[in-house]
Amino acid sequence: MAQRRSFEGRIRRALILFSVLPTVALLAGGTYVVLRTASLSDTVQAWERVGESGGGLIRAAEASRDPALVAAARAHRAELEQSVTNARRWEFILRRAVVWFTAAGALVGLVLAALAVRASRQMGHRLCQPVDELAGWAGRVARGEPLPDTDPAAEGGDEFGVLRDAFRRMARELDEARARELEAERMRTWVGMARRVAHELKNPLTPIRFALRTLERGGASASGPEREALDTLAEESARLEELARAFAQFGRLPEGPPSDVDLRELLEYLLRTHLPAASAPRLRVPVELPMVHGHYDALSRAFANLLLNAGDAVGPDARPGSVQVVARAAEGWVEVRVLDAGPGIPPENLERIWEPDFTTKSRGTGLGLALVKQAVEAHGGRASARNRPEGGAEFRVVLPLAPDAVAAQPA
């Protein structure tokens, strides 16, 4: 607050200085001109001296007894007396005018100074209020607090409106940068943990699987509780092995040089191998779908997870066409949508489904969609999900085209 008052005071002083100085200069110049004009009143004394010398001349002319000279002297005396009287009147007017003009100038100066002070206070307030507001916004941005959604009824010109808009853009960009950094840090933490978990699971799993095979060979004729125990061990060890594989995939980013990937061929293969033929999944992809540039294995795992989720959502008794895959290319991107006719996603879970530790399945790992997002973003793309108005869920993946495909697209 003290800084604001100091800033406002400096603005007021500057405004007063720039408004009062011209007024003072104008009044001083006017007074000087009037005083110089008033100095012309010395002509009264000049006329009196002329009158005195002319009086002597007139008296001499009258003493000469010449009628014509006496008449001319008397006419000259009348004109001379009238001129002296007029000069005295003008001297009186000029002296009063100097007094009144000086008083009027002082009064005008005081009025203008008062108006300048008032105007400077108002302008200083108008200038300082938005500056103080922007300083408060800077503090909000530093503390990570949201900025006001709408402009307050604050005074200020268009320039401050531009500054407010710039502050809002900066705050949005900082929020997005913070969110990206938090997400990247969170992902790095999960990747490191996934690697450690995969390593810790694989170490005991290998001897367990060997021991289980040995038990199965030795107890081939086992029945009853022994057979059931062996089957349970086999099933649970296979599940742990699948879990370790999922953690290992999540902890391993795409490696090696990327190449052009034919998404149409990839999606056709995954639909044949990952969904039952009875569900008759539908694929709507242009024949000339451009290629994308990336890692085939990572993209294959990502789309396989989406198709497996869609198959789980519609169930084993799904009607034909309950799972659809639609792809198209536009403006340097390829968009792939996986649609299902299942129950959809609970609205409160739409943002959480991409988290590595989130799952609604009783025996799920919670890594499927996290792997999808990781792979897609590693290729410079975006992954999103929504509920379809007609029912079911829609998963959307957008990937950049291969450079050659972008060059070949029509402008």
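Just so you know, all these numbers are worked out from the coordinates, no wet-lab data involved. Predicted model only: the values in this text are computed from it and were never measured. Note that we place each Cβ from the backbone using ideal geometry, even for glycine, and neighbour counts take in every protein chain shown.
Residue ranges 394-403, 301-310, 131-140 sort as 301-310, 394-403, 131-140 when ordered by packing (mean number of other C-beta atoms within 10 Å per residue, highest first).
Sorting 369-377, 209-217, 177-185 by average packing, meaning the other beta carbons within 10 Å per residue, from highest down gives 369-377, 209-217, 177-185. Between Ala25 and Ser384, the modelled label-to-label distance comes to 6.2 nm, taking each label 7 Å out from Cα in the direction of the beta carbon. The modelled label-to-label distance between Phe210 and Ala278, using points 7 Å beyond Cα along the C-beta direction, is 4.1 nm.
Its Cα gyration tensor gives segment 259-408 an equivalent ellipsoid. The semi-axes, each the square root of 5 times an eigenvalue, are 24, 18, 14 Å from largest down.
Put the Cα centre of segment 79-99 next to the Cα centre of segment 262-297 and the gap is 113 Å. For the pair Asn349 and Arg319, label points projected 7 Å from Cα toward Cβ lie 2.4 nm apart. Here the extension length gained between Arg178 and Val326 equals 49.9 nm, from 0.36 nm per residue of separation less the Cα-Cα distance.
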